[in-house]
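Take a look at the structure below.
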């Protein structure tokens, strides 16, 4: 239904005459285009594009398909859009929950049509094909060749070899005529590096096998631990709701999903469904090719779909997948097309990410703007916070060397960043208190809510080090300097992620390190009211956290994923033999599923849930419940708790070098015990611990009452969350 712009946002009168819609937005391109006067679009070159990895320029006819140009809008439009988001979530505003369409968002908050036309015409004049201008007006899809990129954007595309893997990418920041720079943020990417999945397969941790039985987490366990069962019994199963999981691979086999549903008792909820879509842009044409099965990423697609269904077994799960192009992550194309469609999903889950510094300013802006548009349409966006503790730029490394950084996909003000917890029963010696010795018909054995700690699979985790007899984690004599840590495979940057946004805009002076002109996103209006939220002026992660461990304390998620060539297992027999894993990749679709329950119960979409999360958390922390919602209480926590405050442990990871790293020593002595190698001096790497201080150990980051960087406002009691959600989202 059409509504006057004055009915949907309030601006100062001085601006109201100027800003009524994107079609009448202030024009930013006011000078003649002079190809001799160029401006660099800083912060848009991958660190891997260097002389060491360079294998020479690609041919001029090398195809560069479906590049995305990120437009810039006037500052007053930017501010009005941010205010609109607040108003849509403010029950006192006349705009409350009057969600926009993609077209309305573009009309209200997009760039001037004149600027869009000028940029499009310039692209065409350079020989590019303009495939689509999205309704938001903020992105233009265009294609061309490497030769055209070199001539128009003044950067060369080269072959690269990175750790033996072939890539292509631009060797310098692109440059455009200075006259256009006022209306152009940048090219989202000119390379084929894609974000990483936030999941980790279950390794064989030897120390937990000493007389201890693994307790894998199944959907039945999830429903018991996080109190989903009362909702299911009341018919709140996600019926009538759509959850889209954003992917760049199809499922390996749909039969895996069906087997999971059947074995776990989820197919009893007959309204639940699964479809795969390859969404196309609304303006026609096609930029979303069927990716087929992409080895490795098909595991991510599978676990996302299965565990979204586990939390909302009556919902419609949509696998939205597009093939990667030479320049654009397929998941970004899928999300762009879905958000700009006439029927966007109510809930979205994204389990991929890349650190802000690495992602680059243009790509950071693209995701922030797209998420902003999504929440104005009522879409709830859940994103895995990451699996690297506070060292997001060191994914997959054996040590953190680039300091504190967070995922660009999760750090915007418009999404829920989902962190990861583990269960503390083994640590407390209470395994038998919380797990039955036998399984139910649907393989459930959890008996109640279980005490939680941050998920941390690094030797720098203080709880693990103490459990194994070490008083410190860092240095030559700390746990990370021991042969046990090495033999157990714990010299690894692996933990649920959190930290402050540091490089949403600007460009670093040191590769992959928050430095130079880097600045984080400002503190969102909703991130307030809870003890512990830093007065740092920036967006802090995560918001909430749920179980995400890959087995370090004996617990992990089970998934039916039968692609044995890419780490899967047969799904026959007992699920203990199935594929197992963890990571915030699991936590994000679980929280997305719980949001589908909220949407069903409230009767409609809710946009950004953080407005309500923090409101409820503030009321809980300031109310009569007090310490009774401390997670360490386990099954004695108050039955009225909505959030469980995790107060024990940290997400510190091991590190080397000098950036945010405390206690690093170049050599360390081995120490006996727990089956590790004994004696001798041997070189070690990464035996420091990530810290916010260089003069004393301040782990990055520890838990604390209220909000903390390890787990946000904590984990959830799903029934209490759904039943206490304000009527109409108020």
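What follows is calculated from the coordinates using simple rules that are stated; it is not laboratory data. None of these values were measured; they are calculated from a predicted model. Methodologically, a virtual Cβ is constructed for each residue, glycine included, from the backbone with ideal geometry; neighbour enumeration extends over all protein chains shown.
Values as computed for the structure displayed
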| item | result |
| --- | --- |
| Cα centroid separation, region 288-314 to region 355-389 (Å) | 20 |
| Ascending count of other beta-carbon atoms within 10 Å, so fewest first, for 99, 725 | 99, 725 |
| The chain - mean residue ellipticity at 222 nm from DSSP helices (-39,500 (n - 2.57) per run, n ≥ 4, rounded to 500) | -7000 deg cm²/dmol |
| Cα Rg, Dmax (largest Cα-Cα span) when computed across region 174-320, Å | 20.4, 70 |
| The chain: angle of helix 75-88 to the longest principal axis, Cα-based, in degrees nearest 10 | 50 |
| Full-stretch length increase - residue 163, residue 536 - with 0.36 nm per residue and alpha-carbon distance subtracted | 130.5 nm |
| Inter-site label distance for residue 437 and residue 51 at 7 Å from Cα along Cβ, in nm | 6.8 |
| Cα-only radius of gyration and Dmax that characterise region 376-415, units Å | 12.7, 41 |
| Alpha-carbon centroid distance for the pair region 316-337 / region 554-632, whole angstrom | 23 |
| Degrees between helix 254-263 axis and first principal axis of the chain (Cα, 0 to 90, nearest 10) | 40 |
| Distance between region 68-97 and region 686-730 - C-alpha centres, whole angstrom | 27 |
| Debye log10 I(q)/I(0) for region 319-458, one point scatterer per Cα, at q = 0.09, 0.10, 0.17 Å⁻¹ | -0.40, -0.49, -0.98 |
| Region 201-324: relative contact order in percent, alpha carbon pairs under 8 Å with at least 6 residues between | 40 |
| Exposure proxy order (Cβ contacts within 10 Å, fewest to most) of 565, 26 | 565, 26 |
| Mean projected area in nm² (Cα convex hull; one quarter of hull surface) for the chain | 29.8 |
| Relative contact order, percent, the chain [alpha-carbon distance under 8 Å, six or more residues apart] | 16 |
| Dmax and Rg, reported as Rg then Dmax, of region 420-554 (C-alpha, Å) | 19.1, 57 |
| Sequence of 404, 350, 33 once ranked by neighbouring C-beta atoms within 10 Å, starting from the fewest | 33, 404, 350 |
